[in-house]
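Written below as structure tokens is the structure these notes are about.
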Amino acid sequence: MIYRQLAGTGYRVSAVAMGSALFGAAYGQDFCFGQLDIFAQAGGNLVDTAHVYNDWIPGEKARSEKVIGRWLKSRGMAGQVVVMTKGAHPPLDRMEESRVRPGEIRRDLAQSRDNLGLEAIDLYLLHRDDPQVPVGEIVAWMDQLIREGLIRHWGVSNWTLERIQAAQGYAAAHGLAGIRMNQTMWSFASIRKEGLEDQTLVPLDRAAYDYHCATGLNLTAFTSQAKGYFPRLAGGEALPQSVTQVYDTPINQRKMAFLVKTRAQTGLSIAALCLLFFQRQPFCAIPVVSYDTDRQLTQALEAYGPQAQARAEQVEFPLWF
């Protein structure tokens with residue numbers, strides 16, 4: 001496994017994170033435990049979840065966090081992996097309704113700590129923003145949670161660059177803990193934002209990318225494999241409209257040609273190249289991944305083995321937004 005240093009945290013984490021958006025519902029506990037075991041045995045030590053994950057499927061709430069908590073306890077892995085979870089997501093049936101308030105954040109956090117069986121969350125991210133709330137107030141709330149020992153570091157997901165810059169500026173000016181992680185929608189595939197079904201998602205754009213390059217702010221990428229767009233396209237698979245309306249663009253056709261050519265030159269799979277793209281960035285960029293089968297996960301983790309790493313050194317990835 002290849003490891004990256006998370007700036008400002010002291011954490012040395014695997015260059016890939018285990019995603020869990022469907023853990024505990026679409027995927028049962030035995031499958032989830034198996035995936036987490038494979039990941040940990042390969043050296044993976046960064047696990048991503050959220051308080052809201054799986055709540056769109058009828059049944060028990062916060063199932064992803066709960067199954068991860070049971071795995072941490074059963075395997076004695078608490079403290080051995082870095083756990084990143086998210087709170088303050090809007091109600092799923094009222095996405096326009098903000099929950100970025102001190103009481104809502106604390107309520108979600110208390111439940112997440114209980115679900116995960118952890119005294120303190122390593123990385124606690126606000127799942128959405130509320131631009132109507134002064135950013136300084138949010139920074140102060142999160143700094144207080146760190147002072148109370150409830151979280152160790154905080155971050156954001158689906159925040160605009162302008163709000164991130166404002167938060168970092170306020171934290172620096174007032175001696176408070178700033179953002180240590182930005183989780184955003186990003187992959188090797190360029191994104192057509194107007195095609196997204198959820199318009200509250202904030203894909204990484206060129207300005208935000210340049211900001212990460214300049215500041216070294218850590219990044220984790222969800223939908224990091226673009227729903228398998230490139231491998232599925234290369235395999236001649238029919239793609240659903242939900243994928244094509246986001247990823248079928250002239251830029252991605254050029255990227256597809258690059259991947260096919262590079263696969264022939266290096267022997268690396270297209271899926272592996274899409275993962276290694278993150279590793280070649282000048283800041284700490286980590287893809288969050290999830291797979292339907294153990295075999296898919298095992299094959300993906302091979303991208304972080306010595307042979308794949310040596311071949312990847314030959315590759316210069318284009319950066320087209």
So, A257, is that one among the aliphatic types (A, V, I, L, M), open to solvent by 10 Å² or more (accessible area, probe 1.4 Å), without any contact (Cβ under 8 Å) to a residue 12 or more places away in the chain and part of a helix (DSSP H, G or I) or not? yes
For segment 198-231, what are the residues that are within 17 Å of H127 (Cα to Cα), surrounded by fewer than 19 Cβ atoms within 10 Å (Cβ to Cβ) and either out of contact with any Lys or Arg (no Cβ under 7 Å at 6 or more places or on another chain) or of a type in the set (A, V, I, L, M) (or both)? D198, Q199, L201
Among the residues that make up segment 289-304, is at least one of them touching a residue at least 60 places away in the same chain (Cβ under 8 Å), of a type in the set (V, I, T), open to solvent by less than 40 Å² (accessible area, probe 1.4 Å) and touching an Asp or Glu at 6+ places or on another chain (Cβ under 9 Å)? no
Could you list all residues from segment 101-112 that are open to solvent by less than 60 Å² (accessible area, probe 1.4 Å) and either more than 11 Å from K86 (Cα to Cα) or of a type in the set (V, I, T) (or both)? P102, G103, E104, I105, A110
Just to check your reading of the model, which residue among E65, E119 is in contact with a strand residue (DSSP E or B) (Cβ under 9 Å, 6 or more places away or on another chain), among the acidic types (D, E) and touching a residue at least 24 places away in the same chain (Cβ under 8 Å)? E65
Hey, could you check segment 181-196 for residues that are in contact with a strand residue (DSSP E or B) (Cβ under 6 Å, 6 or more places away or on another chain) and aliphatic (A, V, I, L, M) and say which is surrounded by the fewest Cβ atoms within 10 Å (Cβ to Cβ)? M185
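The values are calculated or read from the model by the stated rules, or taken from the named source; none is laboratory data. Since this is a predicted model, take the numbers as computed values, not measurements. Glycine gets a Cβ as well: all are built from the backbone with ideal geometry, and neighbour counts include every protein chain shown. These area figures cover heavy atoms from the full protein model, side chains too; ligands, DNA and RNA do not enter into them. Shrake-Rupley method; radii C 1.70, N 1.55, O 1.52, S 1.80 Å.
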